[in-house]
Amino acid sequence: MKKAAVIVSALLVSKALFAQTQIGNSDMEIWEDLGAATESPQNWSGIKEASGSAFLISFAPQGVFQSSDTPSGSGYSVLIQTQGALSIPANGTLTCGQLNVGSATANDASNYSWTNMGSEEFSEACTDVPDSIVFWTKFIGQDPSHNARMKATLHDDYDYQDPEDATSSQHVVASAVLNYPSTNGWERKSVPFDYSGPASSNTYILVTFTTNEIPGVGTIG
């Protein structure tokens, strides 16, 4: 497998008594639509469940698959892989929100992940005040200069999108971002939240994993 990121777990660690708050299906054990293009862990989604252009989504590669490769050797993880779309690299992306596909140009502003507050399936409520997000990952990158990416954003009542536009940035309470190179097998990552605002009271969290920090720069296959 080339240019693949495998994520098994994502959870929040709260400041209050160091309790842990789980994102829904954070261990990636429950799956939907196995064998179909829309295959994904429950409470998470890939490009085949995106909003936006139905025409472009129909040509988009799947990118998200169930895997039995896990840190413990049992259960399931999610394999996120860069695939080719008309010979152009399409970075594999997984989010607890929803992806939006508005352009065939990878870095176009109309391509993003977002919290769809109108849908429980494509949004993740969170009113806790975590200090970090923790996840297990196994990243295999063909190009040593390429990094996988995880970004988690706590935000208020707004259909926040990542990458942010000018309006979304005003609704951020805190964010945790990690761009990381190929791992030595499975590694546990802990990323602190930066509470820089400008918003002050979060109601949702948007978490997105992708096989490359730069849109369209992954390696097909």
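The values are calculated or read from the model by the stated rules, or taken from the named source; none is laboratory data. Note that this is a predicted model, so its numbers are computed, not measured. Cβ sites come from the backbone with ideal geometry, for glycine too, and all protein chains shown count toward neighbours. Keep in mind that these areas ignore ligands, DNA and RNA; they rest on the heavy atoms of the full protein, side chains included. Shrake-Rupley method; radii C 1.70, N 1.55, O 1.52, S 1.80 Å.
Odds and ends about this structure:
- When the residues of region 171-221 are filtered to those that are closer than 24 Å to E121 by Cα and over 14 Å from the mean Cα position of the chain (by Cα), the one that is most open to solvent (accessible area, probe 1.4 Å) is S201.
- Region 60-74 residues that are under 18 Å from R188 (Cα atoms), paired with ones that are of a type outside the set (K, R) and part of a loop (DSSP other than H, G, I, E, B) (beta carbon under 6 Å, 6 or more apart): P71/W186
- Top-ranked residue of region 75-86 - restricted to ones that are modelled with pLDDT of 90 or more and touching a strand residue (DSSP E or B) at 6+ places or on another chain (Cβ under 7 Å), ranked as most open to solvent (accessible area, probe 1.4 Å): Y76
- Failed item, numbered, when T137 is tested on (1) crowded, with 19+ Cβ neighbours inside 10 Å; (2) farther than 21 Å from C126 by Cα; (3) over 14 Å from the mean Cα position of the chain (by Cα): (3)
- Pairing residues of region 126-154 that are closer than 17 Å to T95 by Cα and assigned to a loop (DSSP other than H, G, I, E, B) with residues that are modelled with pLDDT under 90 and open to solvent by 10 Å² or more (accessible area, probe 1.4 Å), at Cβ distances under 9 Å and at least 6 apart in sequence or on separate chains, gives C126/T21.
- S123 open to solvent by less than 30 Å² (accessible area, probe 1.4 Å) and in a loop (DSSP other than H, G, I, E, B): yes
- Residue selected from region 87-110 under the condition open to solvent by 20 Å² or more (accessible area, probe 1.4 Å) and in contact with a helix residue (DSSP H, G or I) (Cβ under 7 Å, 6 or more places away or on another chain), by the criterion farthest from F55 (Cα to Cα): T93
- Of the residues making up region 20-39, those that are touching a Lys or Arg at 6+ places or on another chain (Cβ under 9 Å) and crowded, with 16+ Cβ neighbours inside 10 Å are A37, E39.
- Residue satisfying all of: in region 61-74; open to solvent by less than 30 Å² (accessible area, probe 1.4 Å) and at pLDDT 90 or above; farthest from T219 (Cα to Cα) among these: T70
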